[in-house]
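The values are calculated or read from the model by the stated rules, or taken from the named source; none is laboratory data. From a predicted model like this one, the values you see are computed outputs, not experimental measurements. Positions of Cβ are generated from backbone atoms using ideal geometry, with glycine treated the same way; all protein chains shown enter the neighbour counts. For accessibility, only protein heavy atoms count, side chains too; no ligands or nucleic acids. Shrake-Rupley method; radii C 1.70, N 1.55, O 1.52, S 1.80 Å.
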Amino acid sequence: MAANFYFLNMREFNVTGLCIPSMHYMADTSEKIRQIMAMVEKGQYFTINRGRQYGKTTTLAFLENDLPKKGYTVISVSFESVDDRVFEAPENFCQGLLNVCSKYFEEKNLPGSEAWIDSSVTTFDLLGDFLNKTCKDKKIVLMIDEVDKTSNNFIFLKFLGMLRDKYLKRGRGIGATFQSVILAGVYDIKNLKLKMIQAGTHQLQDGEKRINSPWNIAIDFKVDMSLSEKEIASMLAEYENDHKIGMDIETVSKKIRTYTNGYPYLVSRICQYIENDFNRDWTVNGVQNAIKEILLEQSTLFDDLFKNIESNPDLKDLLRELTVGNRAYLYNVDNQAIQLASIFGIVEKRERLVAIHNKIFEIRIANYFASEKDMLKNRIIPSAFINSVAGKEKFDMPLFLEKFANHYYEIYHHKDISFLERECRLLFITYLRPYINGTGFYHLESETRDGERTDVIIDYLSEQFVVELKLWHGEVSHEAAFEQIFGYLESKSKDTGYLLTFDFRKEQNVGKPQMEWVEHKGKRILDVMVGTI
């Protein structure tokens, strides 16, 4: 009891490896576990495929703990640390599989390890016969973690094909096999061809059949693995119960959910920063300070994110358009770039459109493109300019827009119009970053973006500014923009907004920037127009 008491009072937020309830603050995901266990009870085979650091391993640990309570025997293994020679031949693999299963029982101090030792199992046919005998009248669940590490190996695919054959025979009352098989990884095993194409290992035409559907018996895994506002609140409630700091759990959990969309790593990372670096400032301000740190940090999650962007040109183009570009995409599962972005957990489907999964990803990706093609790298914004706009207590948005408009006119008014139409959003973000760096941040309000409209929301200290970027499409469209920004201001209970319009009419000399305050249904909107000559 003493050890348990120690851990309960020393729990912390964890972002690395397995989360352990006695050591770490965790969201109550019991409903997700219940849904997955129901799939096991139905004898279903499936893959828990989600992006990096999405809680897959921790979910398997919960299943490993809970399934035996319902009479299941669980074998939870990973091939991540086995010798590569296991995948050189069927005999090596069959013996390697039996070996890791036997070791599992030994390491867990469970009876039955000797049942998984049989040196005569040297082919997949013999492995099938072995399963007939070993799984007969038993409810055995096989879970394999980090399956991506093995899934581009044809020997492993052959193993999946054997499991598929056993599953189908079981349905006809022939033989016995695992009650359920759960694979966990980034890729859905049904998308192995896509993974092999990306890895450069899909080259041989005679391998097509083996790649196409070794796992088409698996059902789609539709359990929402992101953390809801309620689930985030359950974790904060545990923390509050231990520390009694008077946290407004509802407000803080809502703010965390707003910026992370429930991505488990990001949720825990925000909490970790607040706890360890910001003197337990469990307020909206504390959440925003934590987000600022995440936007600057290097981590495995973001290393993988940008590695995937750099290695996939089509994916890079897609994400560029979704963040700093001027194009919306319908969610098309046959589009390889969209499929990859979904697999990696970078985008999701909202309504019928593709959207960046969360605001933190959106900011990091937009910053990446702004840094990659920094239009200011040969020009230094004087510190006096920055200090006049971004003070210690407030951000002067009208002055900032005036400076941006003048900067834009002086440097870009002579540029090719097609370049300006393509780059105007990136120009704005690039100019904005040094003004808010270290104190504030921005995000793109993708929920209200329809391909012609981008709202940039700027958080600076306790202030929030709504800037709508528009391309000129005529007087009617311009008037409609006021109604659009009014609706958004109304939804956010704000009285002031900013409309920045880029006018590229060749036939009209727009000249120097135009700025004026406009009253619209009780809202004050600063109307700023910049163009070409």
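Structural remarks
- Only one of GLU519, GLU452 that is on the phi < 0 side of the Ramachandran plot, open to solvent by 40 Å² or more (accessible area, probe 1.4 Å) and modelled with pLDDT of 85 or more: GLU519
- Flag if LYS494 is at pLDDT 90 or above and in a loop (DSSP other than H, G, I, E, B): yes
- Only one entry of TYR259, TYR263, TYR273, TYR239 meets the criterion of being more than 17 Å from LEU295 (Cβ to Cβ) and among the aromatic types (Phe, Trp, Tyr), and that entry is TYR239.
- Output for the stretch 217-276, where each listed residue is among the charged types (D, E, K, R) and in contact with a Phe, Trp or Tyr (Cβ under 7 Å, 6 or more places away or on another chain): GLU238, GLU275
- Within the stretch 213-260, considering residues that are touching a strand residue (DSSP E or B) at 6+ places or on another chain (Cβ under 8 Å) and either hydroxyl-bearing (Ser, Thr, Tyr) or open to solvent by 30 Å² or more (accessible area, probe 1.4 Å) (or both), the one farthest from GLY345 (Cα to Cα): ILE219
- Any hit, the stretch 114-125, residues being under 25 Å from GLY175 (Cα atoms) and touching a Lys or Arg at 6+ places or on another chain (Cβ under 7 Å): yes
- Of all residues making up the stretch 502-516, the number that are within 24 Å of GLU423 (Cβ to Cβ) and at pLDDT 90 or above: 1
- One residue stands out in the stretch 282-294 among those that are buried (at least 19 other Cβ atoms within 10 Å of the Cβ) and either farther than 28 Å from PHE428 by Cβ or hydroxyl-bearing (Ser, Thr, Tyr) (or both): the one that is modelled with the highest pLDDT, namely TRP282.
- Which numbered condition LEU163 misses (of (1) closer than 16 Å to VAL82 by Cβ; (2) at pLDDT 95 or above; (3) of a type outside the set (Lys, Arg); (4) buried (at least 19 other Cβ atoms within 10 Å of the Cβ)): (1)
- Screening the candidates GLY51, GLY55, GLY17 for the property of being at pLDDT below 95, closer than 24 Å to ILE232 by Cβ, surrounded by fewer than 20 Cβ atoms within 10 Å (Cβ to Cβ) and not aromatic (Phe, Trp, Tyr) yields one hit, GLY17.
- Residues (open to solvent by less than 20 Å² (accessible area, probe 1.4 Å) and touching a Leu at 6+ places or on another chain (Cβ under 7 Å)) located in the stretch 295-335: ILE309, ASN312, LEU315, THR323, VAL324
- For the stretch 18-50, a tally of residues being of a type in the set (Ser, Thr, Tyr), in a loop (DSSP other than H, G, I, E, B) and under 30 Å from GLY161 (Cβ atoms) returns 1.
- Scanning the stretch 465-493 for residues that are open to solvent by 50 Å² or more (accessible area, probe 1.4 Å) and under 30 Å from the mean Cα position of the chain (by Cα) yields a total of 5.
- Just so you know, in the stretch 4-14 the residues that are of a type in the set (A, V, I, L, M, F, W, C) and loosely packed, with under 11 Cβ neighbours inside 10 Å include one that is modelled with the highest pLDDT, and it is MET10.
- Residue identified as within 23 Å of MET37 (Cα to Cα), open to solvent by 70 Å² or more (accessible area, probe 1.4 Å) and more than 36 Å from the chain's Cα centre (by Cα) among LYS133, LYS108, LYS138: LYS138
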